[in-house]
Amino acid sequence: MSRIGERFSQLKAVGKKALIPFITAGDPMPEITVDLMHDLVSAGADIIELGVPFSDPMADGPVIQRASERALEYHVSLRDVLKMVSRFREIDSETPVVLMGYLNPIEIMGYENFAAEAAEAGVDGAIIVDIPPEEGGDLLQAMKAKGLDQIYLIAPTSTAERIRRICDVAGGFVYYVSVKGVTGASHLDLDAVAQKLEAIRAGTDLPVGVGFGIKDAQTAAAVSRLADAVVVGSALVSRVETLAEEPEKIGAALREVIASMRHAMDAA
């Protein structure tokens, strides 16, 4: 069982749901990313989702787009991100780390090289938003060979057939995008989320996480009643942006957000 699978099993045994925060590696400066990862864990994060900066992040809203821009000012590359994960692993050998990004940097590195270097660094899985399962067989094979989970997104518009196809190849957990549009979108409809999760669970035994539209502790708690995991991104990255000129304050700000969500989810 992968580190991601083990973490979900541990949480299920104690009746808790996973809290998965997202930050962009290198934002607002590369030297503090690893410290921020540890801050998130100390505040109650169960899995870390680490964004790989990309010049054309088409699935991301303005907040995370700007985070990529800030990181790219320091020329943060995929290999730099893997080095950050390696440094994180020097202290934390248990918290799963999932990379989230786009295919182009992986294609440049090569699928097998990426899988080997990611596994060596201590990465547990990846969400590659712009490669559908129909086109991702070679990458999926390379990742599976190194014990890495490939996590796929399911959208509100995904058909039953589409959900089945994704669930057949997914690993780690299934990530349900709870609102139409890019990251940072709002208008979260919990009834619609509940209906879609029922359809997804009919096709897989994997845990199902929900992301997009998770803005505060109240929303996180409400979603945790429905899902196995709550993914929060823009709410954190916006705080990083606000404090970009005062980086020494970012860790405390992120800890506050995650601790409030953790408390609300555990009380839900």
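Data for the structure
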quantity	calculated
Extreme residue, positive dipole direction of the chain, given options 24, 234, 116 (C-beta unit charges)	234
Zone of residue 93's modelled label, taken as backbone nitrogen in region 1-43 under 15 Å from a point 7 Å along Cα→Cβ	3
Column: log10 I(q)/I(0), Debye, Cα scatterers of the chain, q = 0.08 Å⁻¹	-0.27
Those residues of region 35-57 whose amide nitrogen sits under 11 Å from the label point placed on residue 104, 7 Å along Cα→Cβ	54-57
Size of charge dipole - the chain - debye, nearest 20, with Cβ of Lys, Arg +1 and Asp, Glu -1, no other charges	760 debye
Residues residue 161 and residue 249, FRET efficiency given R0 of 51 Å [Cβ-Cβ distance, rounded to 0.05]	0.60
Residues whose placed amide H lies under 5 Å from that of residue 149, excluding near-sequence neighbours	125, 126
Additional length obtainable on full extension of the chain from residue 194 to residue 259, 0.36 nm per residue less Cα span	20.9 nm
Mean separation of Cα contacts under 8 Å, 6 or more apart, over the residue count of the chain: relative contact order %	23 percent
For region 62-202, convex hull volume per residue from C-alpha positions, Å³	127 Å³
Per-peptide average of other Cβ atoms within 10 Å, ordering 38-50, 249-261 highest first	38-50, 249-261
Mean ellipticity per residue at 222 nm, deg cm²/dmol - from DSSP H runs of n ≥ 4 across the chain, formula -39500 (n - 2.57)	-14500 deg cm²/dmol
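Read-outs throughout are calculated quantities, based only on the coordinates presented, and are distinct from any laboratory measurement. Owing to the predicted nature of the structure, the values given are computational and were not obtained by experimental measurement. Glycine also receives a Cβ, built like all others from the backbone with ideal geometry; neighbour counts cover every protein chain displayed.
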